[in-house]
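These notes concern the structure reproduced below.
No lab work stands behind these numbers, since they all come straight from the coordinates. All figures in this text were calculated on a predicted structure; none of them were measured in a lab. When we count neighbours, we look across all protein chains shown, and the Cβ atoms used for this are built from the backbone with ideal geometry, even at glycine.
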Amino acid sequence: MARYIFITGGVVSSLGKGLASAALGALLQARGYTVRLRKLDPYLNVDPGTMSPFEHGEVFVTDDGAETDLDLGHYERFTGVSARRTDTISAGRIYSNVLERERRGGYLGKTIQVIPHVTNEIKDFLAIGEDEVDFQLCEIGGTVGDIEGLPFFEAIRQFSNDRPRGQCILMHLTLLPYLAASGELKTKPTQHSVKELRSIGLQPDVLVCRSEQPIPDRERAKIALFCNVRPDAVIPAYDLKSIYEAPMAYHQAGLDRAVLDAFRISPAPRPDLRRWEDVMDRLTNAEGEVRVAIVGKYTQLEDAYKSISEALTHGGMANRVRVRPDWIDAEKLETAEGIHLLDGYHGIVVPGGFGERGTEGMISAAKYAREKKVPYLGICLGMQMAVIEAARNLAGIADAGSEEFDHEAGADRFTPVVYHLKEWVKGNSTVQRKITDDKGGTMRLGSYTAHLAPGSKVAEVYGGATEMEDRHRHRYEIDAAYRDRLEQHGLWFSGMSPDGRLPEVVEVRDHPWFIGVQSHPELKSKPFAPAPLFRDFVRAAKDLERMV
Ligand code: GLN
């Protein structure tokens with residue numbers, strides 16, 4: 001039976017709960033345990049798939065096709081454990097399950113209440129996969145005191161009581177604000193947030209205190225005393241230059257020891273931290289810098305492309321070079337002068353996105369990269385735009401475009417080299433979709449295999465493999481009907497779906513490094529196992545940097 005670590009936050013949001021959870025997961029693995037990280041989000045959206053990337057950051061897609069919160073991306077990047085659909089749930093989904101069951105008569109006409117019906121639904125979720133791992137780390141989104149969060153806090157209180165003693169602990173993250181005027185770190189907000197937890201029957205076992213300034217022992221002792229936590233379970237968490245320093249920093253601060261101690265696991269197995277030592281070494285001993293332009297639509301919020309920027313960092317670590325990404329609003333590249341914003345970059349990435357806005361700029365970026373022989377990595381929409389560019393400028397289909405934009409505009413303006421896919425094969429079955437289906441979950445989602453052409457650049461990237469597998473999230477596809485025509489003009493369809501119908505990878509033959517993929521390889525990239533496409537893209541950018 002798994003032990004449970006519940007992770008909550010107080011004082012302010014954005015304290016880095018997800019990161020602390022992920023780092024703790026990595027440290028438990030380093031001590032030989034198996035872990036599973038999960039996220040419970042108190043917001044009322046049923047799933048994050050339809051939430052705006054401007055507001056909520058990237059949608060992280062799992063192998064099994066769930067559209068989830070970007071925290072699951074952190075979990076995967078730190079532990080290497082592939083996230084699953086059942087690793088995340090929102091209050092919206094919980095309520096929707098309860099209400100659906102009520103409609104079906106599942107409660108036999110009883111009065112439906114938050115306790116026990118909603119809390120039971122949450123507890124059932126927590127119990128999933130209980131026998132599979134040594135530790136389940138369950139992070140509760142939001143901050144203690146949020147009105148939406150209450151049923152979750154109540155559920156973890158009950159859950160801990162339902163299990164044998166010592167099976168569940170609570171780790172709480174808080175902030176110690178620093179008052180420059182008096183030169184003091186203040187512990188009162190932490191005391192108040194713990195008081196808030198205790199008022200609903202929860203006592204933290206471990207307190208993680210974020211602070212910009214060193215926490216003196218005196219203050220640590222005071223927090224321990226007032227919050228009813230052991231002094232060595234008050235863990236300081238200082239700001240870090242890179243998130244990948246977190247496992248080592250938390251280890252040095254005693255987090256994993258405090259957690260095992262709270263479970264009374266003694267003696268604790270010795271940690272093997274070589275993986276993280278290597279990561280630190282690569283981070284700190286990088287030589288030189290490559291500049292990468294990321295040409296997208298959601299450039300105001302970096303979290304919208306979280307996995308892309310992380311995968312670029314991983315690519316840099318693999319090549320021992322720093323990657324400096326610049327976010328460029330695609331719309332700015334739509335003029336003759338605007339395109340010069342790309343001058344001087346060693347690589348260009350056009351990431352995924354939805355809708356027509358900015359796409360002419362992305363097409364210009366693909367043209368620029370192709371003609372000037374700058375390394376190009378097009379991801380999903382970025383691949384589609386590269387194909388449209390080649391269709392217009394190499395194959396002479398002047399009005400080539402995507403059906404997505406015609407649907408959006410309600411007019412037929414383009415020859416659709418990218419079209420809306422309504423039926424495709426997944427494993428042994430066929431999936432069918434209509435454009436009028438619900439917005440949520442109508443895409444080709446999750447992991448799909450691509451067959452790679454022998455001798456292609458992409459096959460070389462994957463070490464000579466004949467197949468690759470990556471995660472998808474899109475409605476539209478390149479129309480394979482244009483394959484021959486485009487291939488005659490130098491755009492190789494070097495990766496195809498196993499049934500040969502769906503183009504998965506394209507590359508420009510006469511170019512140092514120009515690849516477009518329909519999938520999202522950034523989602524599987526880890527600091528200790530970079531996505532091969534990002535690794536080799538950064539290598540090509542580094543080659544260009546060394547040449548000029
Ligand atoms: N909008 C495009 C589609 O739906 C691309 C999606 C993406 O980049 N993830 O096919």
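What the table shows:
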item	result
Percent RCO, i.e. relative contact order, over the chain, from Cα pairs under 8 Å lying at least 6 residues apart	15
Residue exposure sequence - Ser160, Ser199, Ser525 - by fewest surrounding Cβ within 10 Å	Ser199, Ser160, Ser525
Hits among lysines - C-alpha to C-alpha of Lys422 under 17 Å, sequence gap 8 or more where chains match	Lys434, Lys439
Compactness of the stretch 147-191 as Cα Rg over 2.2 N^0.38 Å, two decimals	1.74
Crossing angle, helix 17-30 versus the chain [Cα axis fit, 0-90 degrees, rounded to tens]	90
Pairs from Lys297/Lys524; Lys297/Lys332; Lys372/Lys542; Lys373/Lys524; Lys195/Lys222; Lys39/Lys188 whose Cα-Cα separation, in the structure shown, is over 18 Å	Lys297/Lys524; Lys373/Lys524; Lys39/Lys188
Cleavage-rule hits (GluC sites (Glu not before Pro)) in the stretch 191-289: DSSP loop, at most 13 neighbouring Cβ within 10 angstrom	Glu212, Glu287
Per residue convex hull volume, Cα atoms of the chain, in Å³	172
Beta bridges by DSSP in the chain, antiparallel share as percent, to the nearest 5	35
Cα-only Debye scattering, the stretch 74-197: base-10 log of I(q)/I(0) at q = 0.11, 0.16, 0.23 Å⁻¹	-0.52, -0.96, -1.43
Ranked Arg444, Arg264, Arg85, criterion: other C-beta atoms within 10 Å, fewest first	Arg264, Arg85, Arg444
Spread of Cα-to-Cα distances over 5 Å intervals beginning at zero, given as percent, for the stretch 170-265	3, 14, 24, 25, 19, 12, 4, 1, 0
Footprinting exposure proxy for Leu394, Leu260 (fewest neighbouring C-beta atoms within 10 Å first)	Leu394, Leu260
Principal axis dimensions, the stretch 316-438 - Cα atoms, whole angstrom, descending	44, 35, 27
